[in-house]
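Chemist: Okay, handing you the structure first.
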Amino acid sequence: MTESPLPLAGLRVLDISSFIAAPAAAVVLGDWGADVIKIEGPDGDPNRTIMNDSANYPKGKVNYPWQMDSRNKRSIVLDLKKPEARSALDRLIAGADVLICNFPPLVREKLRLGYDAVKAVNPRLIYASLTGYGESGPDRDRPGFDATAYFARSGLLDAQRYEGGPPGVPGPAQGDRATAMALVSAILMALIHRMKTGEGSWVGTSLLGNGLWSCGVIAQAALVGAFLPHRPPPERPRSALGNIYRTADDRWLQLTIVREDKLWAPLCTALERKELIDDPRFAAVEERRNNSAALATILRDTFAKRDYAHWMKALAAHEITFGVISRPQDVPDDVQAVACGAVVETAIPDMPRTLSNPIRLGFAEQRLAHPAPALGQNTDEILREAGLSASEISTLRDSGAVR
């Protein structure tokens, strides 16, 4: 990936957030050229150590979560519990375009970081807040993570489980990254609004709101009183043509055939089971659904006879809609992921490849990922850019307000 003119160059973003969803939104803005200043407390963002702190993170020699979620940022340490630090923050706010914050509403109010407080410093500022459960309502002050707010509260976990089984636990930060893109969209709309009116504004999103949006089919059905029982197991699916199957080399593929009238015969041909085309048990959709367990058994036994490479070619040749269920360890060798720009090279010595954000523009390429900052690495230069003198910076350091 090469450096190129970027659409958000010249935009200054203050990232006063922690963990993943809100910082990931700041990463996307930085990928497209924004100058992102990471404002951390004396102990730093917990995401710096989450790889070792969380039992659900793969362990490695590279601190990949921090590098991925803080690439291209600069770091300043401000102890916002000290009044001197707040004065320094106001200087930064006065020169910023966007402030991203994910403190719960009560914490924001305690630190005088609510929208009204920062608007008084910079009326043109775009204030972007991210919460677990929203800005109003009985749960507005509850802390929320993607596992609890995005997946659990929205119904996503329950909607995906098999009957009789427990809800599955999601992998780390899956809902966070989807939610980050909603916050990016809100910020970009606010910038357009400012271009038209000259006014700053508040924008925001929540993990719960994004989880419900992601669970839209099931959640909207519930709003009109429509429900499905929990998913039956693969051996007796609702539809054998929308099911998972294991191949001879222990790979799994997802068969997803919606247009059964069009693809039933081609599927039988691809499987070298043409006798099934006119089998009265499976002659039409209704019969296939009524006999889904029998058909699933046939398909299971058929797929188990050949490896995935064979089925990939055979199904693709007949335009059957399917997908391999990739394993995380397959990502480094996924040629398509590289070709579509999802996996890119970096300028990070110990992490030569990373994931790009999913936005693609015909007129610009994302910024090359540079190393995430050490805690407080850029404190002095950021304060100097805000107009503080060397003596003022020294005084702040002596007071413990900055580091």
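Every residue, every condition in (1) closer than 20 Å to Ser185 by Cα; (2) touching an Asp or Glu at 6+ places or on another chain (Cβ under 9 Å), yes or no:
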{"residue": "Met51", "(1), (2)": "no, no"}
{"residue": "Pro65", "(1), (2)": "no, no"}
{"residue": "Ile93", "(1), (2)": "no, no"}
{"residue": "Pro123", "(1), (2)": "no, yes"}
{"residue": "Ser129", "(1), (2)": "yes, yes"}
{"residue": "Asp139", "(1), (2)": "no, no"}
{"residue": "Asp146", "(1), (2)": "yes, yes"}
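Chemist: With the requirement that a residue be more than 19 Å from the chain's Cα centre (by Cα), in a strand (DSSP E or B) and not hydrophobic (A, V, I, L, M, F, W, C), what does the stretch 333-388 give you?
Modeler: Passing the criteria: Glu345, Thr346.
Chemist: Just to be sure before I move on: is Ser201 over 14 Å from the mean Cα position of the chain (by Cα), open to solvent by less than 30 Å² (accessible area, probe 1.4 Å) and under 30 Å from Glu235 (Cβ atoms) in the structure I sent?
Modeler: When the stated conditions are applied, Ser201 does not pass them.
Chemist: Same structure, new question: Sort through Ala9, Ala26 and tell me the only one that's under 27 Å from Tyr150 (Cα atoms), of a type outside the set (Val, Ile, Thr) and either open to solvent by 40 Å² or more (accessible area, probe 1.4 Å) or not in a strand (DSSP E or B) (or both).
Modeler: One residue alone meets the criteria, Ala26.
Chemist: I'm told Ser87 meets every condition in (1) touching an Asp or Glu at 6+ places or on another chain (Cβ under 6 Å); (2) outside any loop (DSSP other than H, G, I, E, B); (3) surrounded by fewer than 17 Cβ atoms within 10 Å (Cβ to Cβ) except one. Can you identify the failing condition by its number?
Modeler: (1)
Chemist: Give just the number: which of (1) surrounded by 15 or more Cβ atoms within 10 Å (Cβ to Cβ); (2) in the same structural domain as Asp139 (by the TED database) does Ala94 not satisfy?
Modeler: (1)
Chemist: Based on this model, can you work out whether Leu157 counts as assigned by the TED database to the domain that holds Ile100, within 27 Å of Asn357 (Cα to Cα), surrounded by 13 or more Cβ atoms within 10 Å (Cβ to Cβ) and in contact (Cβ under 8 Å) with a residue 12 or more places away in the chain?
Modeler: When the stated conditions are applied, Leu157 passes them.
Conditions tested, residue by residue: (1) at pLDDT 95 or above; (2) assigned by the TED database to the domain that holds Leu255; (3) exposed (fewer than 13 other Cβ atoms within 10 Å of the Cβ); (4) of a type in the set (Lys, Arg).
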site: Thr321; (1), (2), (3), (4): yes, yes, no, no
site: Val335; (1), (2), (3), (4): yes, no, yes, no
site: Met351; (1), (2), (3), (4): yes, no, no, no
site: Pro371; (1), (2), (3), (4): yes, no, no, no
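Chemist: Could you check the stretch 259-284 and list, in sequence order, the residues that are open to solvent by 40 Å² or more (accessible area, probe 1.4 Å) and charged (D, E, K, R)?
Modeler: Those that are open to solvent by 40 Å² or more (accessible area, probe 1.4 Å) and charged (D, E, K, R): Arg259, Asp261, Lys262, Glu272, Arg273, Lys274, Glu275, Asp278, Arg281.
Chemist: For Leu207, are the conditions met, namely being in contact with a Gly (Cβ under 9 Å, 6 or more places away or on another chain), free of Cβ contacts under 8 Å to residues at least 24 places away in the same chain and in the same structural domain as Asp139 (by the TED database)?
Modeler: No; evaluated as a whole, the condition is false for this residue.
Chemist: Would you point out the residue of the stretch 373-399, among those that are exposed (fewer than 14 other Cβ atoms within 10 Å of the Cβ) and small (Gly, Ala, Ser), that is nearest to Met181 (Cα to Cα)?
Modeler: Here the answer is Ala374.
Chemist: Further question: Which residues, counting only those in the stretch 184-199, are in contact (Cβ under 8 Å) with a residue 60 or more places away in the chain, within 11 Å of Ile126 (Cβ to Cβ) and not basic (Lys, Arg)?
Modeler: Scanning the stretch 184-199 gives Ile187, Ala190, Leu191, Glu199.
Chemist: How many residues are of a type in the set (Phe, Trp, Tyr) and more than 29 Å from the chain's Cα centre (by Cα) if we restrict to the stretch 218-277?
Modeler: Residues meeting the conditions: 1.
Chemist: Now for a different question. Name the pairs whose Cβ atoms lie under 8 Å apart, with the first residue in the stretch 112-136 and open to solvent by 20 Å² or more (accessible area, probe 1.4 Å), the second among the aliphatic types (A, V, I, L, M) and assigned to a loop (DSSP other than H, G, I, E, B), and 6 or more positions between them or separate chains?
Modeler: Cβ pairs passing all conditions: Lys119/Leu125.
Chemist: Looking only at the stretch 227-242, filter to residues that are without any contact (Cβ under 8 Å) to a residue 40 or more places away in the chain and closer than 25 Å to Thr321 by Cβ; which one of those is surrounded by the fewest Cβ atoms within 10 Å (Cβ to Cβ)?
Modeler: Out of the qualifying residues, it is Leu228.
Chemist: Keeping to the stretch 68-84, report how many residues are open to solvent by less than 20 Å² (accessible area, probe 1.4 Å) and either of a type in the set (Asp, Glu) or more than 28 Å from the chain's Cα centre (by Cα) (or both).
Modeler: Selection size over the stretch 68-84: 1.
Chemist: Whether any residue in the stretch 206-225 is on the phi > 0 side of the Ramachandran plot and either open to solvent by 30 Å² or more (accessible area, probe 1.4 Å) or among the charged types (D, E, K, R) (or both) is what I want to check.
Modeler: Yes: one or more hits.
Chemist: Going through the stretch 289-303 one residue at a time, which ones are out of contact with any Ser or Thr (no Cβ under 7 Å at 6 or more places or on another chain) and either closer than 16 Å to Thr247 by Cα or open to solvent by less than 70 Å² (accessible area, probe 1.4 Å) (or both)?
Modeler: Listed by number, the residues that qualify are Asn291, Ala293, Ala294, Leu295, Ala296, Thr297, Ile298, Leu299, Arg300, Asp301, Thr302.
The values are calculated or read from the model by the stated rules, or taken from the named source; none is laboratory data. Predicted model, so just to flag it, every value in this text is computed and none were measured. Neighbour counts are summed over all protein chains in view; Cβ atoms, including those assigned to glycine, are modelled from backbone coordinates with ideal geometry. For accessibility, only protein heavy atoms count, side chains too; no ligands or nucleic acids. Shrake-Rupley method; radii C 1.70, N 1.55, O 1.52, S 1.80 Å.
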